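The values are calculated or read from the model by the stated rules, or taken from the named source; none is laboratory data. Quick caveat: nothing in here was measured; it's all calculated off a predicted structure. As a convention, Cβ positions derive from the backbone with ideal geometry for all residues, glycine included, and neighbour counts pool all protein chains shown. With ligands, DNA and RNA removed, areas are computed over all heavy atoms of the protein, side chains included. Shrake-Rupley method; radii C 1.70, N 1.55, O 1.52, S 1.80 Å.
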Amino acid sequence: MKEIRKSDLKVIDLVNSKKSRLQILNYGAAIFSFKMRNKHEDLINLVVGPREAEDYLSPAYREENKCFGATIGRFAGRIAEGKFRIEDEEYKLEEVKRGFHIHGGAYGFQYRLWEIDKIEEGENPSVTLSYTSEHLEEGYPGKLEVTAKYTLTEENEIKISYSAKTDRDTIVNITNHSYFNLNGSGSVSDHFMQIHATKILELNEEKLPTGNLTRLKSNPKNYIENKLLGNRELDDVYILDVMDDEVQAQLFAPLSGIKMKLSSNQPVLVVYSPEKLPEDWTYLTEIDSSYPAVALEAQNYPDAPNFRNFPSSLLKPGDLYENNIIYAFSVK
């Protein structure tokens with residue numbers, strides 16, 4: 001793998017007519033920051049991540065594998081034992097730890113330098129990036145050509161369009177791994193969250209799917225009704241009841257008055273709200289040591305290649321993979 005230098009890093013600014021500013025980093029095709037005005041007209045950053053772009057190149061960034069704002073691939077989430085079959089052929093992936101392969105491996109898309117193909121300014125500014133993953137990179141079959149387009153609309157929506165095509169049968173599951181704090185600082189414990197999901201994927205101790213779906217009902221992780229996020233550590237897979245441009249989840253922070261609605265064309269939402277983030281980082285925002293952020297990752301089921309009852313993650317030559325995500329922000 002070619003060494004990536006600090007001079008290779010580029011941060012692209014997208015600014016709309018409301019003066020909201022979305023910054024995209026070409027390393028990992030990551031959302032570096034998103035600033036907009038809260039109900040007090042203060043300009044605050046809603047995305048939690050390292051203060052400097054070069055922090056992404058530190059050894060600690062890969063060791064922690066927190067994937068701040070990054071594009072995750074080829075396959076987001078875990079794959080049991082780091083292996084899967086396509087027809088009669090078994091593929092073994094790189095970097096299998098604790099019995100699984102996660103987030104595309106040691107050098108997944110989040111650790112790659114992406115090409116900046118096009119920047120469009122003016123109304124609804126956007127940037128398009130691309131990356132070519134060669135055959136058997138991290139063990140995945142097929143040469144995969146991937147595109148990530150970020151658009152900041154005049155309505156304060158962040159639109160993410162991921163697409164991919166391959167030259168042979170392979171598996172694909174791409175998502176964005178941004179951590180949000182709608183206060184712009186502190187904790188997300190005071191945020192309200194709603195997820196349109198009545199079922200959750202059953203996971204074992206290693207957070208690997210068992211193949212069973214569990215009805216939430218009285219489960220404390222049930223967010224079908226809007227309720228306080230609170231001091232609850234989450235790392236769960238919600239089976240979405242709605243798809244295709246309908247609102248699937250939302251966050252609201254009374255302190256800032258900012259609401260975020262999420263919609264996508266994906267079947268599940270992985271909600272990751274860690275009790276702590278690495279304390280040795282200098283962050284772009286001043287976050288609390290406990291429950292500082294929450295990530296909402298729209299994607300396919302983890303370990304989908306190994307379960308026939310999960311939606312297929314198979315991509316064939318001539319077909320197009322697409323994941324379209326919208327984070328829509330407003331102020332009350």
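Remarks
- Taking residues in the stretch 4-33 that are without any contact (Cβ under 8 Å) to a residue 12 or more places away in the chain, and partners anywhere that are open to solvent by 30 Å² or more (accessible area, probe 1.4 Å), the pairs with Cβ atoms closer than 6 Å and at least 6 places apart or on different chains are 13/23.
- In the stretch 100-114, the residues that are open to solvent by 40 Å² or more (accessible area, probe 1.4 Å) and not in a strand (DSSP E or B): 107
- Members of the stretch 266-289 found to be modelled with pLDDT of 95 or more and out of contact with any Phe, Trp or Tyr (no Cβ under 9 Å at 6 or more places or on another chain), listed by number: 266
- Output for the stretch 16-44, where each listed residue is surrounded by fewer than 20 Cβ atoms within 10 Å (Cβ to Cβ) and within 24 Å of residue 274 (Cα to Cα): 35, 44
- Within the stretch 220-241, if we keep just the residues that are in a loop (DSSP other than H, G, I, E, B) and of a type in the set (A, V, I, L, M, F, W, C), the residue that is farthest from residue 302 (Cα to Cα) turns out to be 229.
- Checked against the criterion of being crowded, with 19+ Cβ neighbours inside 10 Å, hydrophobic (A, V, I, L, M, F, W, C), over 14 Å from the mean Cα position of the chain (by Cα) and not in a loop (DSSP other than H, G, I, E, B), the candidates 262, 251 yield just one match: 251.
- Hits in the stretch 129-146 - residues which are part of a strand (DSSP E or B) and buried (at least 20 other Cβ atoms within 10 Å of the Cβ): 129, 131, 133, 144, 146
- Every residue from the stretch 46-72 that is among the hydrophobic types (A, V, I, L, M, F, W, C), open to solvent by 10 Å² or more (accessible area, probe 1.4 Å) and closer than 15 Å to residue 284 by Cβ: 53
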